[in-house]
Amino acid sequence: MASSKFQAFYNHPAGPKTIFFWAPTFKWAINIANVVDMSTKPAETVSYPTQAALACSGLIWAKYSTVITPKNWNLFGVSVAMCATASYQISRKLQYEFIKKSNDAKKTLKTI
């Protein structure tokens, strides 16, 4: 039984014998890098253009992966994850900038 399931997976039109499997699989590395950056990179070093491009790319490819034949659920999963991690990075940067501005305003008020 397991052999037949593996064989069905292996011979699927979006299975491991095709680029439709391997491209999204290696795209997971971008998401892993984004997750690692969340804990190691300070928020001020996050790039808005890069993260916005990743988030938009994730949305576009998530939609595309559901309308093509055969549906590519690996591409859908990696694209949703990419949009989520990039959006979180953008929120980290926004929070950092707003907190920094509010702290700077408080320091200015204290000196007056």
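May I ask you to verify whether A62 is out of contact with any Phe, Trp or Tyr (no Cβ under 9 Å at 6 or more places or on another chain), part of a helix (DSSP H, G or I), of a type in the set (A, V, I, L, M) and closer than 19 Å to W28 by Cα?
Spelling it out, it is not the case that A62 is out of contact with any Phe, Trp or Tyr (no Cβ under 9 Å at 6 or more places or on another chain), part of a helix (DSSP H, G or I), of a type in the set (A, V, I, L, M) and closer than 19 Å to W28 by Cα.
Please tell me if K63 is open to solvent by 40 Å² or more (accessible area, probe 1.4 Å), more than 16 Å from the chain's Cα centre (by Cα) and among the basic types (K, R).
no
Criterion first (open to solvent by 70 Å² or more (accessible area, probe 1.4 Å) and modelled with pLDDT of 95 or more) does L54 satisfy it?
So L54 fails the test.
Of everything in region 12-28 that's closer than 17 Å to A81 by Cα and of a type outside the set (V, I, T), which residue is surrounded by the fewest Cβ atoms within 10 Å (Cβ to Cβ)?
Of everything passing the filter in region 12-28, F26 is surrounded by the fewest Cβ atoms within 10 Å (Cβ to Cβ).
What residue, among those in region 67-88 that are over 18 Å from T25 (Cβ atoms) and of a type in the set (S, T, N, Q), is most open to solvent (accessible area, probe 1.4 Å)?
T69
Take region 1-27 and flag every residue that is of a type in the set (K, R), more than 12 Å from L75 (Cα to Cα) and in contact (Cβ under 8 Å) with a residue 40 or more places away in the chain.
none
Please find, among A14, A8, A105, the residue that is in a loop (DSSP other than H, G, I, E, B) and modelled with pLDDT under 90.
The unique qualifying residue is A14.
When region 1-34 is examined, which residues are found to be in contact with a helix residue (DSSP H, G or I) (Cβ under 6 Å, 6 or more places away or on another chain) and among the hydrophobic types (A, V, I, L, M, F, W, C)?
A14, W28
Would you mind finding the one in I30, I90 that is under 30 Å from N11 (Cα atoms) and either without any contact (Cβ under 8 Å) to a residue 60 or more places away in the chain or in a helix (DSSP H, G or I) (or both)?
I30
The values are calculated or read from the model by the stated rules, or taken from the named source; none is laboratory data. The shown structure was predicted, so the numbers you read here are calculated from the model rather than taken from an experiment. Here Cβ is always computed from backbone atoms with ideal geometry, including for glycine, and neighbour counts include all displayed protein chains. For the accessible areas, the whole protein counts, side chains as well, though only heavy atoms, and no ligand, DNA or RNA atoms are used. Shrake-Rupley method; radii C 1.70, N 1.55, O 1.52, S 1.80 Å.
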